[in-house]
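All remarks here apply to the structure that follows.
The values are calculated or read from the model by the stated rules, or taken from the named source; none is laboratory data. Source: prediction; values computed, not measured. Every residue, glycine among them, receives a Cβ derived from its backbone with ideal geometry; neighbour counts consider all protein chains shown.
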Amino acid sequence: MSDSAIYWGRVTHNRFLPRSHAFDYRVMMFLLFLDELDVIEQDVRGIVLEGQVTEVRRAPHASNRLPGRYVLRRRDFLADYEGTLDQAARSAYRDLVGAEPPGRVAVLANLASLGWNFNPITLYYFFDGERVACAIAEVTNTPWGERHLYVLGPPGTVVFDKAHHVSPFLEMAGRYRLTYSTPSVRLRLAMTLFDPAPELREGLGSRRFGATMSFERFELTSAEVARASRRYPDMAFRVSFRIYVQAARLFTKRIKYVPHPALAKGVTNVPSP
């Protein structure tokens, strides 16, 4: 039996300052153990690999854009690291943690469907036996498409500085408090962005924004992938579309637009979306 899974659940966003704004959506994401990918592609209909995801490089095919297919594309993950996805994840761990990754690696993410993919956050879980020793979050901003990696440590709560201009409606300065759980029957992540306040405990000032991911685990089978395809044939596109819908609503509420710091300084080497 595979340890990989589909997680169904909800994502919620709450903005507290300068005006309240909230929404939540039903979503689903894939949890894939990277040492199982070849077997998953062979045994689970609807899951397709593209590029050098594993040692066997798969060329892109027009059929990968058809409904009913979820495509794990190498170019969608850890683009700054070479090799297979497993090799890239381990290289990122060495660079950021300064140690050898202890065991298996799993990734929680949207897969490409109908030729489109977008992940506001991708989680890489590094296991030591049955427990998660550390997780790394790969955060992608909109509309610039830049990626940034945060080391979250073991399951629990971590506080760290905001280092990535994730949204044009959020100031760059801030501190996150993030709590996440080991993926099991349930999976949960909660993140709150605070204004920086060096004089206060943990440097956390006014609460500005919060997001949660709450999921339930289902076995990764051909039947479950087919169910996902019937319900969410365009999951990744929906994620992108909803981001722009909510941006329009923030604009109508006259939330301050915050330009990208690099663009504001006249720097032009920001990746296109």
- Take Ser229 and decide whether it is in contact (Cβ under 8 Å) with a residue 40 or more places away in the chain and more than 17 Å from the chain's Cα centre (by Cα). yes
- Task: Looking for whichever is within 21 Å of Leu114 (Cβ to Cβ) and modelled with pLDDT under 95 here; the options are Pro261, Pro233. Which one fits?
- Result: Pro233
- Restricting attention to the stretch 154-184, which residues are without any contact (Cβ under 8 Å) to a residue 40 or more places away in the chain and touching a helix residue (DSSP H, G or I) at 6+ places or on another chain (Cβ under 7 Å)? Arg175
- Identify the residue in the stretch 66-78 that is more than 21 Å from Gly153 (Cα to Cα), of a type outside the set (Asp, Glu) and in contact with a strand residue (DSSP E or B) (Cβ under 7 Å, 6 or more places away or on another chain) and, among all such residues, is surrounded by the fewest Cβ atoms within 10 Å (Cβ to Cβ). Arg75
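Residues are listed down the side, and each one gets a yes or a no for (1) part of a helix (DSSP H, G or I); (2) touching an Asp or Glu at 6+ places or on another chain (Cβ under 9 Å); (3) at pLDDT below 95:
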{"position": "Tyr176", "(1), (2), (3)": "no, yes, no"}
{"position": "Leu193", "(1), (2), (3)": "no, no, no"}
{"position": "Glu199", "(1), (2), (3)": "no, no, yes"}
{"position": "Phe209", "(1), (2), (3)": "no, no, no"}
{"position": "Glu216", "(1), (2), (3)": "no, no, no"}
{"position": "Glu224", "(1), (2), (3)": "yes, no, no"}
{"position": "Ala247", "(1), (2), (3)": "yes, no, yes"}
- Note on the structure: In the set Ser229, Ser184, the lone residue that is in contact with a Gly (Cβ under 6 Å, 6 or more places away or on another chain) and either within 26 Å of Leu31 (Cα to Cα) or not in a loop (DSSP other than H, G, I, E, B) (or both) is Ser229
- Message: Quick check on the stretch 154-186: of everything there that is among the aromatic types (Phe, Trp, Tyr) and closer than 21 Å to Ala133 by Cβ, which residue is surrounded by the most Cβ atoms within 10 Å (Cβ to Cβ)?
- Response: Tyr180
- Message: Please go through the stretch 146-168 and give me each residue that is more than 27 Å from Ile6 (Cβ to Cβ) and either in contact with a strand residue (DSSP E or B) (Cβ under 8 Å, 6 or more places away or on another chain) or among the acidic types (Asp, Glu) (or both), ordered by number.
- Response: Glu146, Val159, Phe160, Asp161, Lys162, Ala163, His164
- Residue list for the stretch 119-149, filter: under 13 Å from the mean Cα position of the chain (by Cα) and among the acidic types (Asp, Glu): Glu138, Glu146
- Note on the structure: By residue number, the members of the stretch 87-109 that are in contact (Cβ under 8 Å) with a residue 12 or more places away in the chain, among the aliphatic types (A, V, I, L, M) and crowded, with 17+ Cβ neighbours inside 10 Å are Ala89, Ala92, Val105, Ala106, Val107, Leu108, Ala109
- Query: With Leu189, Leu220, Leu250 as the choices, which residue is touching a residue at least 40 places away in the same chain (Cβ under 8 Å), surrounded by 13 or more Cβ atoms within 10 Å (Cβ to Cβ) and farther than 19 Å from Tyr7 by Cβ?
  - Reply: Leu250
- Note on the structure: Flagged in the stretch 110-153 as among the hydrophobic types (A, V, I, L, M, F, W, C), under 30 Å from Gly68 (Cβ atoms) and either surrounded by fewer than 21 Cβ atoms within 10 Å (Cβ to Cβ) or free of Cβ contacts under 8 Å to residues at least 12 places away in the same chain (or both), in numbering order, are Leu114, Trp116, Phe118, Ile121, Ala137, Val139
